[in-house]
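Engineer: Let me give you the structure first, and then I'll get to my questions.
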Amino acid sequence: LKVASVEKLVQQKPYCIWFTGLSGAGKTTLAVQLKHRLQVAGLPVYHLDGDKLRDGINQDLGFSVVDRTENIRRISEIARLMMDAGLIVLVSCISPYRTDRHNARQLFDTGQFIEIYVNTPLAECERRDVKGLYAKARRGEITEFTAIDSPYEPPRSPEMQFNTTNQSVQECVELILSSVFTK
Ligand SMILES: Nc1ncnc2c1ncn2[C@@H]1O[C@H](COP(=O)(O)OP(=O)(O)OP(=O)(O)O)[C@@H](O)[C@H]1O
Ligand SMILES: [Mg+2]
């Protein structure tokens, strides 16, 4: 490692950037693009995506209130460990309950937990129906689906929020970069 890059790593202030919002709101899309931009800038970053974790470490969990809470507890603890290891951690998961997100925030120091509300209206998420899950939920083929038959509690004071109906992916990512990383 060159001295300059070591200094960059040492000076790097780690963050947990937490994307919350409905299914299809754009959490994964934004996290993936942000990750790419940070990597190009030479910063150490890891993306924890709810879906991937449900395939692995959280495969024992379903979508009841208790299981959703445990899902978020594990993800936030993992995010904290990764941040302690020096990484910028990007989390994308629906995280529908205010209390669960609040508990996640408590694991971090002030200013290190950035909550981003991907505030895309249900109608737009349902129109996109990226995974075909809204159609299934409306037909009753799946239950406990967020915003259909399971609640979503919007953040009251997120650090940032976007409505991706009229804001492009690039626009959102640039806004995050300028507000979080150019201080
Ligand atoms: N500004 C934007 N930001 C993010 N996604 C956008 C934006 N504008 C349009 N989209 C589109 O919205 C869709 C969002 O899907 P994505 O899988 O990212 O949602 P998600 O919030 O991760 O959902 P889930 O909770 O089901 O994983 C993508 O098809 C993406 O291209
Ligand atoms: Mg996703």
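The values are calculated or read from the model by the stated rules, or taken from the named source; none is laboratory data. Everything numeric here is computed off the predicted structure, so don't read it as measured data. Because the Cβ atoms are built from the backbone with ideal geometry, glycine has one as well, and the counts that use them run over all protein chains shown.
Engineer: Of the residues 146, 182, 120, which single one is more than 14 Å from ligand 1 (Cβ to nearest atom) and either among the β-branched types (Val, Ile, Thr) or at positive phi (or both)? First the steps, then the outcome.
Structural biologist: Working: 146 fails: more than 14 Å from ligand 1 (Cβ to nearest atom); 120 fails: more than 14 Å from ligand 1 (Cβ to nearest atom).
Result of the check over 146, 182, 120: 182.
Engineer: If residue 115 satisfies all but one of (1) surrounded by 15 or more Cβ atoms within 10 Å (Cβ to Cβ); (2) in contact with an Asp or Glu (Cβ under 8 Å, 6 or more places away or on another chain); (3) more than 19 Å from residue 30 (Cβ to Cβ), what's the number of the condition it fails?
Structural biologist: Of the numbered conditions (1) surrounded by 15 or more Cβ atoms within 10 Å (Cβ to Cβ); (2) in contact with an Asp or Glu (Cβ under 8 Å, 6 or more places away or on another chain); (3) more than 19 Å from residue 30 (Cβ to Cβ), the odd one out for residue 115 is (3).
Engineer: Going residue by residue through the range 26-37, is there one that turns out to be part of a helix (DSSP H, G or I), at pLDDT below 95 and among the basic types (Lys, Arg)? Working first, answer last.
Structural biologist: Within the range 26-37, the first condition is being part of a helix (DSSP H, G or I), and the residues that meet it are 27-37.
Imposing the further condition that a residue be at pLDDT below 95 reduces the set to none.
Within the range 26-37, not a single residue is part of a helix (DSSP H, G or I), at pLDDT below 95 and among the basic types (Lys, Arg).
Engineer: For the range 132-171, name all the residues that are of a type in the set (Asp, Glu) and within 16 Å of ligand 2 (Cβ to nearest atom). Walk me through it before giving the result.
Structural biologist: Within the range 132-171, the first condition is being of a type in the set (Asp, Glu), and the residues that meet it are 141, 144, 149, 153, 159, 171.
Listed by number, the list is empty, since nothing qualifies.
Engineer: If I ask for residues that are touching a Gly at 6+ places or on another chain (Cβ under 7 Å) and part of a loop (DSSP other than H, G, I, E, B), which ones from the range 92-134 would you list? Steps first, answer last, please.
Structural biologist: First, the residues of the range 92-134 that are touching a Gly at 6+ places or on another chain (Cβ under 7 Å): 92-94, 117-120, 125, 128-130.
Answer for the range 92-134, where residues must be touching a Gly at 6+ places or on another chain (Cβ under 7 Å) and part of a loop (DSSP other than H, G, I, E, B): 93, 94, 119, 120, 129, 130.
Engineer: Could you please find all residues in the range 28-73 being acidic (Asp, Glu) and within 13 Å of ligand 1 (Cβ to nearest atom)?
Structural biologist: In the first step, residues of the range 28-73 are kept if they are acidic (Asp, Glu); the result is 49, 51, 55, 60, 67, 70.
Within the range 28-73, 49, 51, 55 qualify.
Residue by residue, here is whether (1) within 26 Å of residue 34 (Cα to Cα); (2) surrounded by fewer than 14 Cβ atoms within 10 Å (Cβ to Cβ); (3) of a type in the set (A, V, I, L, M) holds:
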site: 63; (1), (2), (3): no, no, no
site: 66; (1), (2), (3): no, yes, yes
site: 81; (1), (2), (3): yes, yes, yes
site: 110; (1), (2), (3): yes, yes, no
site: 121; (1), (2), (3): yes, no, no
site: 127; (1), (2), (3): yes, yes, no
site: 137; (1), (2), (3): no, no, yes
